[in-house]
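What follows is a single structure, written as structure tokens, with notes after it.
The values are calculated or read from the model by the stated rules, or taken from the named source; none is laboratory data. These numbers come from a predicted model, not from an experiment. Backbone-built Cβ (ideal geometry, glycine too); neighbour counts: all protein chains shown.
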């Protein structure tokens, strides 16, 4: 890094252009002893720095320049620098030099040429000051000027100063999203990262890091971070439902459509599949309808200015059944709605708890397959595996009216139980209205920290292909 200090009329004509006649010692009126160097250059401690340098001599001394002339750099008037590498050509009036292993800050150097009698001269009027930076400047990022849409190519640029041209910094990207190329030009190293934009990149941070390897063996690292913003059509669109009364013909059903999009979803449309026909039944992320037929199939479509996506179908199969009953949800009810689903009887339960605190998640096994995890898993779960013919006949515990379920107890038809969580706050006890019914599914809401509300649905397990009770499931 350099700062120019032009101290002669001759130098003002063509600064730092070694090809001009001025710097070749010809074509300058009244040529005299002058050196053109930067006023100051900057580097890192222990690193190197190159000082661009040119000079002129009076006409009567030009014939004394020869390949045997010796370039010398003096500091503090008396000490001669021996840690420099001469890179110029004195016969071409080029005295460019690289100073190695720079350890002293704010030191002035004067160039001296020694060609034997009579050409010996120290250019005292034009010193260069070498300065040391404690830390390198952070890399400078160049980001897209226009909004980035999923599926289009993205180019990010990262420029880092190079203080030592023989040991330039290495510029890397984290994460490595695509192809990167590095180019060194003058006192700057530039790396370009190219990749195709994906919705998975949205909101992620990309870091550009410049690593400076000091010749003496040390390493200095600095970085700059950028958060990606990707525009994309709705993704992971999902339709779920929960009954607002015991699931039965003539009852009602609350439908909810969720989707991930940027910009946010601006329009949600609900459809019902009736035979070979698709009927539009409403709009909005939430919709409440009445159930008049035994079988319903729904899906939602989410849309924003980039595009649209349909959810998988959501099916509800209703049959009148004396064993059906519903224990309404208890708790604060904040967050995302859920309904468990599966084929056959419940055969296993897992529950996760925040130690000394609330219930964070649970999972039910139907037959031999585990349903999706509701909430989040922390540490190892508490687990109950049911015996053949054993069913869950009671769900009880503790809840707080403004946040989470604090305790869950699953009781079985054989008198066994699984107890998780803390016995604090308000009590609840959920059980079927019919003595022969069993737990068929759980519904409610959860957020990023745990389960906020819980309701229980009771009935008989499906017998073969003819379900005897209300089943909710998503076809993936």
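Brief remarks follow.
- In the set (1) surrounded by fewer than 19 Cβ atoms within 10 Å (Cβ to Cβ); (2) part of a loop (DSSP other than H, G, I, E, B), residue 432 fails one condition alone, (1).
- Qualifying residue in region 35-57 (condition: surrounded by fewer than 17 Cβ atoms within 10 Å (Cβ to Cβ), at pLDDT 90 or above and over 42 Å from the mean Cα position of the chain (by Cα)): yes
- Residues that are at pLDDT 90 or above and under 30 Å from residue 232 (Cβ atoms) occur in region 158-165; there is at least one.
- Single residue of region 339-351 satisfying the filter (part of a strand (DSSP E or B) and surrounded by fewer than 21 Cβ atoms within 10 Å (Cβ to Cβ)) that is nearest to the chain's Cα centre (by Cα): 350
- Residue check for residue 296: part of a strand (DSSP E or B), at pLDDT below 80 and not assigned by TED's automatic domain parsing to the domain that holds residue 430: yes
- The set of residues in region 401-420 that are closer than 11 Å to residue 353 by Cβ and part of a strand (DSSP E or B) comprises 405, 406, 407, 408, 419, 420.
- If only residues of region 314-338 that are modelled with pLDDT of 80 or more and not in a strand (DSSP E or B) are counted, the one that is nearest to the chain's Cα centre (by Cα) is 335.
- Condition met for residue 421 (free of Cβ contacts under 8 Å to residues at least 24 places away in the same chain and in contact with a strand residue (DSSP E or B) (Cβ under 7 Å, 6 or more places away or on another chain)): no
- Restricting the search to strands (runs of 3 or more DSSP E) fully inside region 352-400 and requiring at least 3 residues that are in the same structural domain as residue 417 (by TED's automatic domain parsing) and buried (at least 20 other Cβ atoms within 10 Å of the Cβ) gives 359-366, 392-399.
- Residue count for region 107-128 satisfying the condition of being out of contact with any helix residue (DSSP H, G or I) (no Cβ under 6 Å at 6 or more places or on another chain) and surrounded by 18 or more Cβ atoms within 10 Å (Cβ to Cβ): 10.
- Filtered by the rule that a residue be free of Cβ contacts under 8 Å to residues at least 40 places away in the same chain and farther than 16 Å from residue 450 by Cβ, region 380-393 gives 380, 383, 384, 385, 387, 388, 389, 390.
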